[in-house]
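Here's the structure we're looking at; comments come further down.
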Amino acid sequence: MSVNPADSVVFGTLYGSEAMREAAGDRAWLQRMLDVEAALARVEARLGLIPAEAAPAITAAARAGKLDMTALAISTRNTGYPVVGLVKQLSQAAGPEAGRWTHWGATTQDILDTATVLVIRDALAIIERDLDRVCAALAARAEEHRGTVMAGRTHLQHALPVTFGYKCAVWLSPLLRMRERLAELRPRVLRVEFGGAVGTLASLGDRGAEVLAGLARELDLAEPEIPWHVAHDGFAELVSWCGLLTGSLSKFATDVMLLMQTEVAEVAEPHAPGRGGSSTMPQKRNPIACEYVIAQARGVGALVPQMLAALPHDQERGTGPWQAEPLAIFQSLLLTHGALEQAVLVAEGMTVDAARMRRNLDSTGGLIMAEAVMMGLAPVLGREQAHHAVHHACDVALKEGVPLAEALSREEEVSSRLDREKIEALTDPAGYLGAASLFIDRVLQQAATLPRRNGKTA
């Protein structure tokens, strides 16, 4: 039985994704350790540090499917990490002659760190694919609904009119910055680690730097300026980025969830029979996808301080910090992609009720346009006096249940300076959208850099 719901046969369908479990799960991580061992053997064989015939034998033996997982688990419990047992099994599988050359000049940390980097590379490719899908979907919505007027809300109250397209552009903008940050962090994270016992590669004499460079090329990773086995800022940056990404997705999900409230009903998640249903209330269509975006974002957010706390590795090998890292790294990748999968569902499939948006916008009888009227009056009355006059008209409209335009026409200070036609114009939400369309264009211009797949953006 799984203790972690994300790894549960049942609950795992709600947390994380199968794609990420495949890319970053146990077997994938072990295979990447074996890949590093095999790559090291090939590099050292080319440099003449180990016999040429050893490399193909080690490479052929480096298959996770050949591992005795029970024996590896026992060894791991005994030594504190899997590399010792893994190297033992790899050496045996490679044969007595080749096997003696496995793990030449390496240490456990080299294999663990570099394998983790390889897993991260695979994981980021999956995350980026679905991040691009969310971005593309929101970009399409922003364009489609650039003129769909709705109530903008502050403190959950009607504030000023916006458009749904503008709202989508606001959701999209930080996600585009997440793509930029991803491109920036990759060179800092996707680096080979190879330093030997304390980082000096002393066991390889004067050939250590050659092996480091060769291993970087073999694995298509960046070569660091110095081994980083006790400087894991790259891993901390990765998890922090996952926190920023899921936090941005959570903003999107929270807004959609609020717009799905029965009394609002302006936007809805895509629906299928039984989806989001209640065990007792047949009418329910709960915002399930949004709820799990938010839940997984909170999970990732809790892992960020864990990674930051693990940064101070003591001396030349940490006694505890790096052991805590896998708990955060792999879980953050799993939950991040789980949040993205749910966000893709919402972004690509949500329904938008423009008519309901308009009815809700008009539900206060034009009160949402109070600022527009105030700004229209300010040049002739002064801002403070205009604010006072419109505020009084709002009080009247609320007390008597009349439209703001009517209440304004009763205000001598207002009606003496603005005719009814001008008042009607000032209380038209479509006329008070400011630079919303311009801002949408700016965001969409950034979104135009999204990769095209199968003839379509992202």
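Details
- Hey, L418 outside any helix (DSSP H, G or I) and in the same structural domain as A136 (by TED's automatic domain parsing) or not: no
- Residue in the range 375-397 that is touching a Cys at 6+ places or on another chain (Cβ under 8 Å) and either basic (K, R) or not assigned by TED's automatic domain parsing to the domain that holds R153 (or both) present: no
Residue by residue, here is whether (1) at pLDDT below 95; (2) surrounded by 14 or more Cβ atoms within 10 Å (Cβ to Cβ); (3) more than 20 Å from L245 (Cβ to Cβ); (4) in contact with a Lys or Arg (Cβ under 9 Å, 6 or more places away or on another chain) holds:
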{"residue": "H313", "(1), (2), (3), (4)": "yes, yes, yes, no"}
{"residue": "G320", "(1), (2), (3), (4)": "yes, no, yes, no"}
{"residue": "L340", "(1), (2), (3), (4)": "no, yes, no, yes"}
{"residue": "V344", "(1), (2), (3), (4)": "no, yes, no, yes"}
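- The range 222-268, subset touching a Lys or Arg at 6+ places or on another chain (Cβ under 6 Å) and closer than 11 Å to R191 by Cα, residue surrounded by the most Cβ atoms within 10 Å (Cβ to Cβ): G234
- Being surrounded by 18 or more Cβ atoms within 10 Å (Cβ to Cβ) and either closer than 27 Å to A265 by Cα or more than 18 Å from the chain's Cα centre (by Cα) (or both) is a property that does not hold for V189.
The values are calculated or read from the model by the stated rules, or taken from the named source; none is laboratory data. If you're wondering where the values come from, they're calculated on a predicted model, not measured in any experiment. Reconstructed Cβ throughout: ideal geometry from the backbone, glycine too, with neighbour counts over all protein chains shown.
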